Amino acid sequence: MFQITGKTKLLGVIGYPVEHSLSPVMHNAAIAQLGLDYVYLPFPIAPENLEIAIAGFAAVGVVGFSVTIPHKQAIMPLLSEITPIAQAIGAVNTVSRQDNKWVGTNTDITGFIAPLQTTYHQDWSQKAAVILGNGGAARAVVAGCHQLGFAEIHVVGRSQQRLQEFYESWNDSSLATNLQVHTWDKLAKLIPQGNLLVNTTPIGMYPKVDESPLSGLEMADLPTGAIAYDLIYIPKPTQFLQLAQQQGAIAIDGLEMLVQQGAAALKIWLQQETVPVEVMRQALQNHLGLG
Ligand code: NAP
């Protein structure tokens, strides 16, 4: 049985709100499995308290923490170092204490690409990715698609202005040389090229589970062997994935991304090559009633 001791080391997640975070479930399950004297806690930190909270974390010897909405960008000026990948994405989701400094990185890319690499290992260099949405998660998806070597990366959004800002934000980065942005009305032209179709919008999330960013009809022209990937993990499967499957596409939901970004973070904090990913996955599935 897990017990707090005088030596227990502290990990956690900062967000606001943070009470719905699933990270404590999977990280504490992994810690228990490894038999380590660590605990992972949720910390609700209002934006105006971020700086003082981070200073407090340093003072009490926090080993590392996850960062969620609304702090993923705001944390960046408070860190001593930021990895190139987190710089390129413009967001940090994992912070670790190294040599008395806070170092920030982003493990969402690792999380995103993991199921594509392990399950559908293939050469993506002749393939096109179509990404729905141009928010925070879309940035990790663009970087992930670039890392996988996609020939074309198309981002589709509803606001021309935000699309333009999204496009220009990559100007200094080599990560998005093959990036194009489009408004939703261009989708009919893009779908037949969409070897990978990713939903990064919140459309279809609980409780609006009957919604999908695209209809079955709109997905009817997906190429043979297309993969539909929804970053949403509840419901499982989403309406988007159900409709895509009916059109013959392969479906990937967001649960594995959640697990794998967490596993990548835990490896950094514990400075070890392997962590019990299956235990983390199972803990989440049980918690979400998917077990
Ligand atoms: P975000 O920064 O708010 O971005 C959401 C994007 O969706 C924006 O581009 C927004 O468009 C677009 N959008 C929202 N409602 C729309 C609508 N009705 N029609 C068309 N576009 C719409 O959020 P995020 O952080 O990227 O997260 C997006 C989703 O990914 C969430 O469901 C989140 O739970 C999921 N996610 C999952 C994981 C995982 O590990 N599985 C990780 C991160 C995120 P505008 O720019 O025009 O507002």
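If you take the beta carbon distance between A151 and W184 as r and set R0 to 22 Å, what does 1/(1 + (r/R0)^6) give as a FRET efficiency, to the nearest 0.05?
It comes out at approximately 0.45.
Report the charge-dipole magnitude of segment 110-252 in Debye, nearest 20, computed about the Cα centre from +1 at each Lys and Arg Cβ and -1 at each Asp and Glu Cβ.
In debye, rounded to 20, segment 110-252 gives about 120.
Need one number: nm distance between label points at Q98 and K208, each 7 Å from Cα along Cα→Cβ, rounded to one decimal.
According to this spin-label approximation, the distance is 4.0 nm.
Within 10 Å, count the other beta carbons around each residue, average over each peptide in 58-66, 24-32, and list them highest first.
Going by the mean number of other Cβ atoms within 10 Å, highest first, we get 24-32, 58-66.
Any idea how far apart T119 and Y16 come out in nm if each label point goes 7 Å out from Cα toward Cβ?
Distance between the two pseudo-spin positions: 3.6 nm.
For I54, what is the net charge nearby, where nearby means another residue's Cβ is under 15 Å from its Cβ and Lys, Arg count +1, Asp, Glu -1?
Its environment carries a net charge of 0.
Report, to one decimal in Å, the Kirkwood hydrodynamic radius for segment 206-291 based on all distinct Cα pairs.
Answer for segment 206-291: a Kirkwood hydrodynamic radius of 14.4 Å.
Set the Förster radius R0 to 22 Å, insert the Cβ-Cβ distance between D37 and H287 as r into 1/(1 + (r/R0)^6), and round the FRET efficiency to 0.05.
Using R0 = 22 Å, I get an efficiency of 0.45.
Calculate, in nm to one decimal, what K236 and A58 gain on full extension: separation in residues at 0.36 nm each, minus their alpha carbon distance.
60.2 nm
Under a plain spin-label model, where a point goes 7 Å from the Cα along Cα-to-Cβ, how far apart in nm are S215 and T274?
Label-label distance for S215 and T274, simple model: 5.0 nm.
Counting Lys +1, Arg +1, Asp -1, Glu -1, what net charge surrounds S169 among other residues with beta carbon under 12 Å of its beta carbon?
Around S169, the charge tally is -1.
Ordering K127, K101, K7 from largest to smallest accessible area (1.4 angstrom probe), what's the sequence?
Accessible-area ranking of K127, K101, K7, largest first: K7, K101, K127.
Starting from the eigenvalues of the Cα gyration tensor, five times each then square-rooted, give me the equivalent ellipsoid semi-axes of segment 110-252, largest first, whole Å.
The answer is 21, 18, 15 Å, longest axis first.
Give the percent of DSSP beta bridges with both residues in segment 26-141 that are antiparallel, rounded to the nearest 5.
Taking every DSSP beta bridge with both residues in segment 26-141, the antiparallel ones total about 80 percent.
Give, as a single signed number, the net charge of other residues whose beta carbon lies under 11 Å from the beta carbon of Y229, with Lys and Arg counted +1 and Asp and Glu -1.
With Lys, Arg at +1 and Asp, Glu at -1, the neighbours total -3.
Based solely on its DSSP helices, what 222 nm [θ] is calculated for the chain when runs of n ≥ 4 H residues each add -39,500 (n - 2.57) and the sum is averaged over all residues, nearest 500 deg cm²/dmol?
That calculation yields -10500 deg cm²/dmol at 222 nm.
Can you give the percent of C-alpha pairs in the chain whose distance is more than 29 Å?
Of all Cα-Cα pairs in the chain, 35 percent lie more than 29 Å apart.
The values are calculated or read from the model by the stated rules, or taken from the named source; none is laboratory data. Only a predicted model underlies this, so the values are computations on that prediction, with no experimental measurement involved. Note: ideal-geometry Cβ built from the backbone for every residue, glycine included; neighbour counts use all protein chains shown. Accessible surface areas use protein heavy atoms only, side chains included; no ligands, DNA or RNA. Shrake-Rupley method; radii C 1.70, N 1.55, O 1.52, S 1.80 Å.
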